[in-house]
């Protein structure tokens with residue numbers, strides 16, 4: 001027991017000696033100490049959308065160590081890597097996504113371990129670290145050739161640099177981030193501390209990415225889905241005392257450094273490197289931690305430069321509330337700023353980085369009162385920001401979406417006929433769920449686009465002046481356009497439009513009279529009411545009797561309600 005206690009103390013002492021130092025491999029840092037992956041986030045504020053994010057990933061889904069010892073389906077369990085000397089040979093590489101890949105060459109041995117094994121049909125990541133030059137090489141869907149690599153994408157990182165990939169670029173990972181920086185390695189367990197965030201996956205992500213991520217990998221737009229790069233942490237109050245010493249190292253890291261969403265995959269799956277020293281049964285106990293034990297973190301205050309992974313280390317953070325808002329053009333909204341980690345609570349207000357804002361972006365005063373611009377900007381969402389006076393690098397923000405009130409440009413048809421109708425409303429600023437109102441009555445409305453709606457209804461009587469308006473689901477109402485409701489003209493149609501009948505035989509014709517309650521008609525043959533022996537005769541019910549001679553005759557139905565309106569058909573008489 002004494003020996004175990006001394007060993008445990010030695011681990012704690014070693015961990016204390018490493019505090020403040022970046023993770024390392026060989027003599028190389030795994031990125032600088034102030035790299036965002038290596039920066040604690042246990043004191044940062046909870047993201048305003050945390051509950052929705054956690055629920056979309058799975059509050060009852062279990063934490064999973066997606067790494068271990070031995071093989072699974074013939075391949076190592078986890079994402080393997082290989083450390084190589086500075087003399088490692090370089091190999092050319094060809095890429096499916098070459099426009100977002102570093103051209104190389106790559107110091108990745110052709111015998112490097114492949115995620116899932118050499119026969120894998122999965123992600124097939126291949127990772128190599130040149131420990132002589134401190135360069136990280138990562139390949140996605142990697143296939144070794146005779147003297148080169150073929151892969152879907154590839155990325156090269158200087159382990160001593162804060163540089164991020166170009167905005168919008170993928171890497172060997174969906175989020176455009178380095179994979180190796182987020183792997184759990186058994187050496188870190190032996191050291192007693194994991195000093196970086198852990199890579200993890202979620203089944204559904206938003207079509208967006210946030211710093212430090214550089215790439216999105218989804219078509220989903222719902223705000224409940226987390227964007228690539230979103231950081232999460234294990235809640236501080238979660239009791240980890242009953243877990244093994246190994247698992248406590250992992251769980252402490254999840255509280256202090258959290259984990260970064262880097263790819264689409266299974267819920268709460270953490271990435272790590274395979275190692276024969278892992279105890280798979282022990283790692284499985286991490287499944288007792290449910291998704292509900294996590295919270296999303298707002299790490300925006302750490303960002304110094306959007307194109308750099310360097311993270312602010314002062315501890316000063318600014319939170320702006322509300323975190324988001326939607327405003328009409330010209331409308332006002334009040335924002336507040338909370339400064340933590342500094343005695344001075346003063347802030348400077350900005351819009352999209354411009355102190356006080358501008359006419360195009362909207363104005364904000366020293367009290368945080370924001371006025372939206374008079375026209376919708378492009379893009380329509382601006383960021384209201386508060387910068388700490390104590391630490392100008394600490395900036396918090398809120399997203400404000402500017403919308404215009406709905407506006408009707410035209411209504412068709414105009415005038416509207418009495419009876420059933422379908423309107424087309426052209427204009428701008430229409431939202432899904434908008435409702436067209438005719439004379440104050442809501443119509444069955446279909447959203448076509450922000451510039452067009454259709455609406456169906458029924459007008460009971462003629463009216464020379466009827467107002468048409470649109471109400472958006474946010475409560476904003478458009479201008480009013482006046483249209484007339486008129487009685488539709490009477491029409492008559494005869495069916496069939498042509499009938500062939502033998503001499504002295506009969507054919508039935510039917511008249512349809514529309515837009516009047518009087519459906520009666522007068523039947524004629526060649527203009528003679530009731531017809532004649534020479535042309536054939538027709539009854540008041542439309543029954544035509546052909547004459548004794550062949551010929552072609554015109555059957556006409558004349559409206560009794562509108563005698564100037566008629567419909568006609570043809571009777572072809574044959575022997």
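General observations
- Residue 58 vs. criteria surrounded by 20 or more Cβ atoms within 10 Å (Cβ to Cβ) and at pLDDT 95 or above: no
- Residue 224 without any contact (Cβ under 8 Å) to a residue 12 or more places away in the chain and surrounded by fewer than 24 Cβ atoms within 10 Å (Cβ to Cβ): no
- Apart from one condition, residue 518 fits all of (1) assigned to a strand (DSSP E or B); (2) more than 30 Å from residue 447 (Cα to Cα); the exception is (1).
- Summed over the range 77-108, residues that are surrounded by fewer than 16 Cβ atoms within 10 Å (Cβ to Cβ) and either modelled with pLDDT under 95 or not in a strand (DSSP E or B) (or both) total 12.
- Residue 390 vs. criteria modelled with pLDDT under 90, in a loop (DSSP other than H, G, I, E, B), surrounded by 14 or more Cβ atoms within 10 Å (Cβ to Cβ) and outside the structural domain of residue 164 (by TED's automatic domain parsing): yes
- Scanning the range 346-367 for residues that are in contact with a strand residue (DSSP E or B) (Cβ under 6 Å, 6 or more places away or on another chain) and part of a loop (DSSP other than H, G, I, E, B) yields 352, 361.
- Counting only residues that are touching a strand residue (DSSP E or B) at 6+ places or on another chain (Cβ under 7 Å) and under 15 Å from residue 520 (Cβ atoms), the range 540-560 holds 7 of them.
- Pick from the range 291-306, criterion buried (at least 16 other Cβ atoms within 10 Å of the Cβ), at pLDDT 90 or above and out of contact with any helix residue (DSSP H, G or I) (no Cβ under 7 Å at 6 or more places or on another chain), ranking: nearest to residue 245 (Cα to Cα): 293
- In the range 318-342, the residues that are touching a residue at least 60 places away in the same chain (Cβ under 8 Å) and either in the same structural domain as residue 474 (by TED's automatic domain parsing) or on the phi > 0 side of the Ramachandran plot (or both): 341
- The single residue among 379, 405 that is within 26 Å of the chain's Cα centre (by Cα), farther than 30 Å from residue 311 by Cβ and in a loop (DSSP other than H, G, I, E, B) turns out to be 405.
- Residue tally, condition loosely packed, with under 11 Cβ neighbours inside 10 Å and closer than 15 Å to residue 412 by Cβ, over the range 436-466: 0
- Between 66, 47, 42, the distinction of being closer than 17 Å to residue 254 by Cα and modelled with pLDDT of 95 or more belongs to 66 only.
- Residue 171 being assigned to a loop (DSSP other than H, G, I, E, B), in contact (Cβ under 8 Å) with a residue 24 or more places away in the chain, buried (at least 20 other Cβ atoms within 10 Å of the Cβ) and assigned by TED's automatic domain parsing to the domain that holds residue 245: yes
- Scan the range 123-151 for residues that are in a loop (DSSP other than H, G, I, E, B) and either farther than 25 Å from residue 77 by Cβ or out of contact with any strand residue (DSSP E or B) (no Cβ under 8 Å at 6 or more places or on another chain) (or both) and the total you get is 7.
- Just one of the listed residues (186, 257, 209) is under 26 Å from the mean Cα position of the chain (by Cα) and modelled with pLDDT of 95 or more, and it is 209.
- Odd one out for residue 201 among (1) touching a strand residue (DSSP E or B) at 6+ places or on another chain (Cβ under 6 Å); (2) surrounded by 24 or more Cβ atoms within 10 Å (Cβ to Cβ); (3) under 23 Å from residue 65 (Cβ atoms): (2)
- Test: residue in the range 479-489 that is crowded, with 16+ Cβ neighbours inside 10 Å, at pLDDT below 90 and outside any strand (DSSP E or B): yes
- Positions within the range 50-76 being in a loop (DSSP other than H, G, I, E, B) and under 23 Å from residue 110 (Cβ atoms), in sequence order: 73, 74
- Condition broken by residue 345, with the remaining ones in (1) in contact (Cβ under 8 Å) with a residue 24 or more places away in the chain; (2) more than 12 Å from residue 395 (Cβ to Cβ); (3) not assigned by TED's automatic domain parsing to the domain that holds residue 223 satisfied: (1)
- For the range 238-295, the tally of residues that are without any contact (Cβ under 8 Å) to a residue 12 or more places away in the chain and either in contact with a strand residue (DSSP E or B) (Cβ under 9 Å, 6 or more places away or on another chain) or in a helix (DSSP H, G or I) (or both) stands at 2.
The values are calculated or read from the model by the stated rules, or taken from the named source; none is laboratory data. Note that the structure is a prediction, hence the values are computed from the model and not measured. All Cβ positions, glycine included, derive from the backbone under ideal geometry; neighbour counts span all protein chains shown.
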